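Asks: Please find one structure pasted underneath; my questions will follow.
Each value in this text was obtained by applying a stated rule to the coordinates, not by laboratory testing. On a predicted model such as this, the values are computed, not experimentally measured, just so you know. Cβ coordinates were reconstructed from backbone atoms using ideal geometry, including for glycine residues, and neighbour counts include every protein chain displayed.
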Amino acid sequence: MSGLTITLTYPLLLALFGAAILLAALIPPIVSRYRLPRVMTLPIGCVLGGIVVGRFFDLPTLDVLDGGTVITHVTETVVLLSLTGCGLKIDRAPGWRSWGTTWRLLGPTMVLCIAGMTLLGWALLGLPLAAALLLGAALAPTDPVLAASVQVGPPGEGDGDEARFALTSEAGLNDGLAFPFVHLALAGAAALTAEVGIPGDYGLFNIHVLGDWLMHDVVWRLAVGLVIGPAVGWVTAWLAFRLASGGGVADAFLALGLMLLSYGLTEALHGYGFLAVFLSAITFRRFEDRHKIHSELHHFVEQTEVMGLIVVVFVLGMTVGQGLLRPLGWSGVAVALLFLLLVRPLAGWVSLAGAGLSRPSRAAVSVLGIRGVGSIYYMAYGLSHAPFSVEIGYRLWAVMTLVILVSMVFHGFAAPHLMKRLGDRPESVH
């Protein structure tokens, strides 16, 4: 590498992560006290720091394809923590009418986002169909990790305005519900490779592939998540609040046990673990809705999640500094902007028609669908489990990363203004 380089030793790496963790504690109160622009938030700071380290420090190149399995498991853990936190902090009981905005975001909005990004990838980027579908499925979900600033507060503080509730519940459920479309892309890619022995970039979507996908990746996997999640949540709550009600239950052990048990059991039965984790946390919360332990559990999960977020976005910045975005052209930039500024807002706005939301709330929910750690997980998972070509893999990573970076900056500017317009006015959509 030409120019200034600094050898990154292990002690220096520890110091860098220590500084990042300190910033995690100090930046929010500093931003609040001095009313600094909200774009200068922790994720942006960590990404910028990672870019500097990746560009100017002498360290091995981080290959996102070779490291796909590691990336999958690290981001998986962060998403699981975030989903647990989302489930614990939602005060509103689940219901068809009371969660009406959520169902609209999970149904029409997500499908339109997947279709829109798939079309953009195919038409403007020239991506083969299976690759474009993987990109669309990875970028469709609102990220539960980075969306924390526009979600509801800790347990017991109420759901606030309808926009915050909608974004929280959407982020909690859509990670599990985007997975069927990820598996559709993987099934098509694997089928093409098995049929003709070439990389599965274009995919093969015949009636046999679609039938297997529908029965296994949609019906079975969703059913397992819908059953195991609430069951684990109820049993854990009964043990904690009935059998062990007189003793001191360790918050950290309870939170981690609830998360890992629901996820592990569901995945072992080939279900959607993300869906199960969120539902187990919701069920656990509803068992003793007003108990103080929910706030304690949420606090632990939130703090642990932040440390994981620091690692993920810092390393993402390092890969950008090392050239992850090189495969991008102007068409990639155009696709990223079109998706964030047109596809998601338009899909959300159309889907929320007739939902009873005020125009500011409808605009906030439509626009504030940030992309982040969940998308990284899906991309790493997809490229590690299906035979896509190396060239396509790097292009998909580049486009997805740019969408995440632009999303961070855009939401850093837009979120405070959009949420401020909502004030504290409660809205009834029941």
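Asks: Which distance in nm do the two modelled labels at Trp234 and Leu346 give, with both placed 7 Å along the Cα-to-Cβ direction?
Replies: Spacing of the two 7 Å Cα→Cβ label points: 4.4 nm.
Asks: Can you put Arg344, Arg286 in order of Cβ neighbours within 10 angstrom, beginning with the fewest? Kindly include the intermediate steps, with their values, before the conclusion.
Replies: Values: Arg344 26, Arg286 17.
So the residues, fewest neighbours to most, are Arg286, Arg344.
Asks: Assign one of three labels to the range 290-411, namely rounded, prolate or oblate, based on the Cα gyration tensor with a ≥ b ≥ c the square roots of its eigenvalues; rounded applies when a/c is under 1.5, prolate when it is not and a/b is larger than b/c, and oblate otherwise.
Replies: In terms of gyration-tensor shape, oblate.
Asks: How high is the FRET efficiency from Glu195 to Leu337, r the C-beta distance, R0 51 Å, rounded to 0.05?
Replies: It comes to 0.90.
Asks: So if I place +1 on the C-beta of Lys and Arg and -1 on the C-beta of Asp and Glu, and nothing else carries charge, what would the dipole magnitude of the chain be about its Cα centre? I want it in debye, nearest 20.
Replies: The calculated dipole for the chain is roughly 1160 debye.
Asks: By the gyration tensor of its Cα atoms, with a ≥ b ≥ c the square roots of the eigenvalues, what is the shape of the range 59-191: rounded for a/c under 1.5, prolate for a/b over b/c, or oblate?
Replies: Oblate shape, in that a/c is at least 1.5 and b/c is the bigger or equal ratio.
Asks: GNM, the chain, Cα, under 10 Å: largest mean-square fluctuation among Leu316, Leu125, Leu243?
Replies: Leu243
Asks: Looking at the chain, do any whole DSSP H helices span at least 27 angstrom along their long axis by alpha carbon and average 1.0 or above on Kyte-Doolittle, and which?
Replies: Numbers: long enough: 10-34 (35 Å, 1.72); 68-89 (31 Å, 1.04); 162-196 (50 Å, 0.78); 293-321 (42 Å, 1.11); 390-422 (45 Å, 1.12).
The qualifying helices are 10-34, 68-89, 293-321, 390-422.
Asks: Also, I was wondering about something else. Going by amide H atoms built from the backbone, whose H comes under 5 Å of the H on Phe57, apart from near neighbours?
Replies: Amide H to amide H, under 5 Å and 5 or more residues apart or across chains, Phe57 pairs with Ile6.
Asks: Here's a follow-up. Could you go through the range 197-204 in sequence order and give the Karplus-derived ³J(HN,Hα) for each residue, using 6.51 cos²θ - 1.76 cosθ + 1.60 with θ = phi - 60°, rounded to whole Hz, and x for Gly and Pro?
Replies: x, 10, x, x, 4, 7, x, 10
Asks: Between the range 365-419 and the range 40-111, how many Å separate their Cα centres?
Replies: That distance is 9 Å.
Asks: What is the sum of charges around Ala178, taking Lys and Arg as +1, Asp and Glu as -1, for the other residues whose C-beta is under 15 Å from the C-beta of Ala178?
Replies: Local charge sum for Ala178: -2.
Asks: If the elastic network links every pair of Cα atoms under 10 Å, which of Gly68, Gly382, Gly18 fluctuates the most in the Gaussian network model of the chain?
Replies: Gly18
Asks: A further question on this structure: What does the charge count around Thr109 come to, taking other residues whose C-beta lies under 13 Å from its C-beta (Lys +1, Arg +1, Asp -1, Glu -1)? Intermediate values should be presented prior to the final figure.
Replies: Numbers: positive: Arg104, Arg344, Arg362; negative: Glu170.
The answer is +2.
Asks: Show that you can apply the helix-only estimate: for the chain, add -39,500 (n - 2.57) for every DSSP H stretch of four or more residues, divide by all residues, and state [θ] at 222 nm to the nearest 500.
Replies: Helix-only estimate at 222 nm: -22000 deg cm²/dmol.
Asks: Picking from Ile44, Gly308, Val224, whose Cα lies most toward the positive end of the charge dipole for the range 6-422 (charges on Cβ: Lys, Arg +1; Asp, Glu -1)?
Replies: Checking the options against the dipole of the range 6-422, the answer is Ile44.
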